[in-house]
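Q: The structure that follows is given in the form of structure tokens.
Rule-based calculations on the coordinates, nothing more; no lab input. What you are looking at is a predicted structure, and each value in this text was computed from that prediction instead of being measured. Cβ placement follows ideal geometry from the backbone for every residue including glycine, while neighbour counts extend to all protein chains displayed.
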Amino acid sequence: MLQLAVYGVISGSILALGAIGLTLVYGILNFANFAHGDLMALGAYLALFFKVGLGLPMWLAFPLSMLSTAFIAVGLDRVWFRPLRQRGAGVVLLAISSLALALILRNIIRMLWSPQARYYSRTIHFPFTVPLLQVRINWQQVLIFGVALGLVILVTLFLQRTKLGKAMRATADNFQLALVSGIDTERVVLWTWLLGAALAAAGGILLGMSVRLQPIMGWDLLLPIFAATILGSIGSPYGAMAGALIIGLAEELSTQFIPTEYKGAVSLLLLVVVLLVRPQGLFGGRRR
């Protein structure tokens, strides 16, 4: 169980990067972005292009992919979502349009990189035993957790300590009140897409490092990150972090009792239970 718990923490740290971006978009723009998982996949494949295609080291391909995905997300907002918002489109229409965008992104990935599984490296990473804990882990998993934890800490400091971060939190709490208070909401929206997409790309890359890259990987991630977002109270970045950790632990620990291929159902089960018992999430909830 301790071994599975370690895997759950690593998985949860990856999910947290996706859940933060998803909850920021919902909190500020008030719609469920079903294309968020495919943005994670796009970031992972862009890192593959920089590393394998251009031969760049991973330490350089990683931030380049985050930046590229962030600017692509801003461009998609300008040509896809903002015209709909300006025409007064409701949350349902925006959600449906994001689902269509997800399908487009997924098929673009298939066309550019083929449907076959791809890898950053074929190197085999041998595990070692952690003293005292007696759990087996390899250095790549340590790196994945360290990078994810570092990014989560940086995001937390950004939201708490910077003027822009506080403006984003205020806008997420109440968009109209933030607007009349003099907050530049367009700037907040811009940075929401930049930050959310960059974190999504980081999550996709870290997942690709731990398993393999497939065009469908973004769709497979969508349910766990939505479950984490709702579990931790949708619209709350800190709740999304906690929810992601709970989902990661629950999925991995469940493999002690059910086949591994069914662990994704645990996210769905937790999502249904939370919606029935505490729809505002475990850590409070947003009010409009």
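Q: Is there a quick way to get the dipole size of the range 130-288? I mean about its Cα centre, with the Cβ of Lys and Arg at +1 and of Asp and Glu at -1; what is the value in debye to the nearest 20?
A: 440 debye
Q: Fewest Cβ neighbours within 10 Å first, please rank LYS166, LYS51 accordingly.
A: Working: LYS166 14, LYS51 21.
So the residues, fewest neighbours to most, are LYS166, LYS51.
Q: Determine the gain in length on full extension of the stretch ARG122-GLN134; use 0.36 nm per residue of separation and subtract their C-alpha separation, reporting nm with one decimal.
A: This chain segment gains 1.6 nm when fully extended.
Q: Now for a separate question. Tally Lys/Arg at +1 and Asp/Glu at -1 over every other residue whose Cβ is under 11 Å from the Cβ of SER267; what's the total? Kindly include the intermediate steps, with their values, before the conclusion.
A: Values: positive: LYS263; negative: ASP220, GLU251.
In short, -1.
Q: Report the far tail of the P(r) of the range 172-288, meaning the percent of Cα-Cα pairs longer than 17 Å.
A: 64 percent
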